[in-house]
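So the structure is just underneath, and the comments pick up after that.
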Amino acid sequence: MIEYKNRKNRIVDLMLALLAILAALVCIFPVLHCTALSFSGAAAADAGKVTIWPVDLQLTAYKKLLEEKAFFTAFGISVKRVLLGGGINMILIIIMAYPLSKDKREFPQRNIYMWFLVFTMLFNGGTIPWYITIKNYGLLDTMWALVLPCAVQVYNIILMMNFFKGIPKELEEAAVMDGAGPFTTLLKIYLPVSLPGLATVGLFVLLYHWNNYFDGIILMNSASKLPLQSYVQQFVVSVDAKQNMTTEQLLELAKMSSRTLNAAKIVVTMVPILVVYPFLQKYFTSGLIMGAVKG
């Protein structure tokens, strides 16, 4: 009987391993295909001959992309947005999640604030009122238009709140007995033991600010103020520009298709996230689980 159970468990483990491998391949294939496409020639890309390996290896798409000064300007704007917006988000998430992690005896109005926050997750005024509000505050075409409207991220607040709930009360009680106030307890007790939760929420905040392109297109009137993702959405090879190109430039342009150029955009914008993620990955899984299991 024991041998039968062991054999059954091995079969189940093997099936789970195969499913995990299949899921990993499904996730990795688009990245490999996009990377291969960005390094391939125009004819092979347009003919659909590229899978996960470049065909007619070329760097034309990257050269064209990196020749644009606007690309580096947009890159710098996105970095500023991540630093400024991410900093505002993390401060507000922490100072809101900490009191909301208390029970009704410690914070009698907790449920009122929670219902208010959850309501904003379920309902919103729509794009037009959102735009009009930002316009009336005079934020259009400024960095603040990209960071202030999304300053309070309710999902991340709830995730961090649930993580704080998992911290043993004895730690806070010991700090209070030593004379620590709420802010001292938060800074000296809660934050140091909340690295997995902070890393998880920080990654979500980073991804949001780095990948969001819609608000840049809607709220920025000047092309020079577009963040990177908004810029790559609008980056095209102008037909008028071809008239001023030399013969060599036209030959280089002929080697590139819109598919290879778009793939190069995607690859370049993925690089910063791929660089940062390995440093946060060890905290990510435990932080996500611990932040989700409590109500």
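Any read-out appearing in this document is the output of simple, stated calculations on the displayed coordinates, not a laboratory observation. Quick caveat: nothing in here was measured; it's all calculated off a predicted structure. Cβ: placed from backbone, ideal geometry, glycine included. Neighbour counts: every protein chain shown.
The table that follows gives values for the structure above.
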| quantity | calculated |
| --- | --- |
| Taking all pairs of distinct alpha-carbon atoms in segment 60-141, Kirkwood radius in angstrom | 16.8 Å |
| Loop-resident sites, segment 18-87, for trypsin sites (Lys or Arg not before Pro), counting at most 13 other Cβ within 10 Å (DSSP) | Lys49 |
| Global geometry of segment 69-234, whether rounded, prolate or oblate, following the gyration tensor of its Cα atoms and the 1.5 cut on a/c | prolate |
| Lys/Arg +1, Asp/Glu -1 at C-beta; segment 1-153 dipole; positive extreme among Tyr98, Met121, Ala23 | Tyr98 |
